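Beneath this line is the structure, given in structure tokens, with notes to follow.
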Amino acid sequence: MIASQFRLAVRIQRFEVWSCVLLIAVVGITALIVRARLDGVGAPVECLTPWIFEDLVYDAARCDHLSAAFDRIKQDEAGLVMRAMLAVPLVVGLLLGVGLVGREIEGGTAATVWALAGSRRRWLLGRLIPILVILVALLVFAAITSELLAAGRVPWQFGRPAFDDAGLHGPGVIVRGLAAFGLALTVGAWSGRMLPTILVSALLALSLGIGGYLLLDKWVEGNAHEIAVPSWYNGWYDGGKFIGEFYRLPDGTEAGWDTDLGALAPIGVDPESWVASEINVIAVGVHSPDYPGWVATEIAAFGAFGVAWLVATFAIVERRRPF
Amino acid sequence: MNDATVQQASGSTIALRAHGLTKRYRRGRPAALDSIDLDITVGGITALVGPNGAGKSTLIRCFLGFERPTAGFVTVDGIDPARDRPKALSRIGYVGQEIGLYRQLSADEHLELAATLRPHFDGPGAVERLAARDIPRGVPTAELSGGQQAQIALSLALGTRAPALLLDEPVARLDPLARRDFLTTLRDAVRADGTTVILASHIISDLEGIADSLIVLAPAAVMFHGSIEMARAGHAVVPSSDETAPDELIATFTGIGGRRVSLVSRPGTGDASLDDVVFGYLAAANATRASA
């Protein structure tokens, strides 16, 4: 019976299912290809971020063309795929969610199956679970491929996470897709009409995408802490997202970024060496070790959002007319 | 409801009951059903006839638990669908105005789906019925005619082996041949096992040979409820100019051919057609509304 339910649920939504499979396959495989192209450049990290290595002599003859080639792929191709990852989970969630209940009501099949099933909850579970399994499988594939690409864009992190593409890879892709699915499902169940459902869900999904960035900003603000910058190089990088920076003077006070530090050096001391040895650069924000906290937050936020919509759908389906 | 003109069916066990049933979709708007009382006994096909907006679909949807009564209640086999919808639905097979099939699924897939939704669904019986009508079972229903789709919908309803079948104008969009096929299948299937059927329809001539009893539903009210035999033998049509006793006159209306006629109640001696009975009671409903 479970096999039957699964097969029929897919048959009923075969257009959406195959569209989503195609979309995820194209984007996911493209991500893998772009990752392979990034790796294929063969640019060593010393060429890409020489400033993270102390006492490194930059080999311009060897590195310039490699880093240029890497940057080109990183910005153009990988950037495009990562930007697509912002929309892909939302589109897939919407496509699968919009018609699941909405089209049944609009097409008149809801009356037939609700009369047959008796328990609408059981009917909805039978329709929902197969599609949810497919959705999760597709999103997991998208999450893994985007994760691989995101890691390939920052090889100087040596596998540590970075905030550069936060929300566009890994679990964030899965929970965003599920949230969009729940949202479209609910709007479809509530309106019972496809066109309004598509329009309203698309608008809400867009808000969801923007909301993800606002959530990240809020989370960074809420979790920002002082991070000592270990080097004077401007290009210092540790995968972080920063909202401020300042100098800490030897007496513990803070000085703004536009402070003339040399003027603060004690009389008789070489200002340049005093600044280099006594002044600490402090960044305010989050960095690589904080990334799991962000992932937990986005899973909780979007997961709760998706679950709330799913629960709302059950309540609506239980109460509404099938036409 | 006009008590003087409503004749309640009498008999044994009640399969479907409406008591004081009122359904108002919006406050301040006329009720779709207004204090309806109906007892439909077990077995037989009851034709539910009335103009658009009379409340036929609303009545059926109340039995299905698709609509919640504003006042009063309905029961299916003693179960109030507003209180226990799954249990009430387990006793109902349903075909709606919209045939309600998945365009991309075949008949076999619909039967497979029904088996996953309804415990003890009679798949083999449904297959047999479809085979008897030469309905292609392997092609998407979108490729089938309206009549064939209606046969599939009916097979789904009959396959439930529910004691009550509610059919909400399923033949309205079918050509005469397809209508006849549908109704023949229905009659053959339910005669054998004593299923109770409510068949809502506009097409009175279709009901003559198939229905056992008749409900005439005027907007919001039951105007007549009795056996087909009682409907025909209990009424006569006379020229409107004839003298009729006030207590036997039901209504005067324009009959077929444009002449003014009166439907009168003459138990045991009448010979009215079903059309005349329906038109007469609907005219009575109009007159009651106009005088109100």
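The values are calculated or read from the model by the stated rules, or taken from the named source; none is laboratory data. The shown structure was predicted, so the numbers you read here are calculated from the model rather than taken from an experiment. Backbone-built Cβ (ideal geometry, glycine too); neighbour counts: all protein chains shown. These area figures cover heavy atoms from the full protein model, side chains too; ligands, DNA and RNA do not enter into them. Shrake-Rupley method; radii C 1.70, N 1.55, O 1.52, S 1.80 Å.
Is it true that A:Ala84 is open to solvent by less than 10 Å² (accessible area, probe 1.4 Å) and either under 19 Å from A:Asp164 (Cα atoms) or touching a Lys or Arg at 6+ places or on another chain (Cβ under 9 Å) (or both)?
The answer is no for A:Ala84.
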- Does B:Glu169 qualify as being acidic (Asp, Glu), under 29 Å from B:Val49 (Cβ atoms) and either at the interface with chain A (Cβ under 8 Å from one of its Cβ atoms) or in contact (Cβ under 8 Å) with a residue 12 or more places away in the chain (or both)? yes
- Task: Within the range A:156-211, work out how many residues are open to solvent by less than 60 Å² (accessible area, probe 1.4 Å), within 28 Å of A:Glu318 (Cβ to Cβ) and in contact with a Lys or Arg (Cβ under 8 Å, 6 or more places away or on another chain).
- Result: 5
- Note on the structure: The condition of being farther than 23 Å from A:Gln5 by Cα and within 19 Å of the chain's Cα centre (by Cα) holds, among B:Gly96, B:Gly100, B:Gly78, B:Gly72, only for B:Gly96
- Task: Tell me which of these A:Leu138 doesn't satisfy, since it passes every other one: (1) within 11 Å of chain B (Cβ to nearest Cβ); (2) open to solvent by 10 Å² or more (accessible area, probe 1.4 Å); (3) at pLDDT 95 or above.
- Result: (1)
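Considering each of A:Ala68, A:Ala43, A:Ala61, A:Ala36 in turn, give the residue that is surrounded by fewer than 22 Cβ atoms within 10 Å (Cβ to Cβ), within 27 Å of A:Val173 (Cβ to Cβ), more than 14 Å from chain B (Cβ to nearest Cβ) and small (Gly, Ala, Ser). Walk me through it before giving the result.
Numbers: A:Ala68 fails: within 27 Å of A:Val173 (Cβ to Cβ); A:Ala43 fails: surrounded by fewer than 22 Cβ atoms within 10 Å (Cβ to Cβ); A:Ala61 fails: within 27 Å of A:Val173 (Cβ to Cβ).
None of the other options fit; the residue is A:Ala36.
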- Item | Subset of the range B:100-115 [surrounded by fewer than 22 Cβ atoms within 10 Å (Cβ to Cβ), facing chain A (nearest Cβ under 7 Å) and assigned to a helix (DSSP H, G or I)] | B:Glu109, B:Glu112
- Task: Identify the single condition in (1) more than 24 Å from B:Gly20 (Cβ to Cβ); (2) away from chain A (no Cβ under 14 Å); (3) in contact (Cβ under 8 Å) with a residue 24 or more places away in the chain that B:Glu128 does not satisfy, given that it satisfies every other one.
- Result: (3)
- Could you check, for the range B:222-241, whether at least one of its residues is open to solvent by less than 40 Å² (accessible area, probe 1.4 Å) and either charged (D, E, K, R) or modelled with pLDDT under 80 (or both)? no
- Item | Members of the range B:43-99 that are in a loop (DSSP other than H, G, I, E, B), open to solvent by 30 Å² or more (accessible area, probe 1.4 Å), over 12 Å from B:Leu167 (Cβ atoms) and within 11 Å of another protein chain (Cβ to nearest Cβ) | B:Arg68, B:Asp84, B:Ser90, B:Arg91, B:Glu98
- Selection status of A:Gly239, modelled with pLDDT under 90 and either hydrophobic (A, V, I, L, M, F, W, C) or surrounded by fewer than 16 Cβ atoms within 10 Å (Cβ to Cβ) (or both): no
- From B:Ala178, B:Ala192, B:Ala221, which residue is farther than 30 Å from B:Ala287 by Cα and in contact with a helix residue (DSSP H, G or I) (Cβ under 7 Å, 6 or more places away or on another chain)? B:Ala178
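Filter the range A:83-100 for residues that are among the aliphatic types (A, V, I, L, M) and within 14 Å of another protein chain (Cβ to nearest Cβ) and give the result.
A:Leu100
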- Which number in (1) surrounded by fewer than 21 Cβ atoms within 10 Å (Cβ to Cβ); (2) within 14 Å of chain A (Cβ to nearest Cβ) marks the one condition that B:Gly159 misses? (1)
- Item | Matching residues, the range B:186-208, being at pLDDT 85 or above, open to solvent by 20 Å² or more (accessible area, probe 1.4 Å) and either among the basic types (Lys, Arg) or within 20 Å of B:Gly55 (Cβ to Cβ) (or both) | B:Arg187
- Unique match (being open to solvent by less than 70 Å² (accessible area, probe 1.4 Å), under 28 Å from A:His169 (Cβ atoms) and more than 14 Å from every other protein chain (Cβ to nearest Cβ)) among A:Ala283, A:Ala276, A:Ala265, A:Ala315: A:Ala283
- So, of the residues in the range A:104-128 that are of a type outside the set (Gly, Ala, Ser) and facing chain B (nearest Cβ under 7 Å), which turns out to be farthest from B:Phe66 (Cα to Cα)? A:Trp123
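Would you say A:Ala255 is over 27 Å from A:Val140 (Cβ atoms), more than 14 Å from chain B (Cβ to nearest Cβ), touching a Pro at 6+ places or on another chain (Cβ under 7 Å) and open to solvent by less than 50 Å² (accessible area, probe 1.4 Å)?
It is false that A:Ala255 is over 27 Å from A:Val140 (Cβ atoms), more than 14 Å from chain B (Cβ to nearest Cβ), touching a Pro at 6+ places or on another chain (Cβ under 7 Å) and open to solvent by less than 50 Å² (accessible area, probe 1.4 Å).
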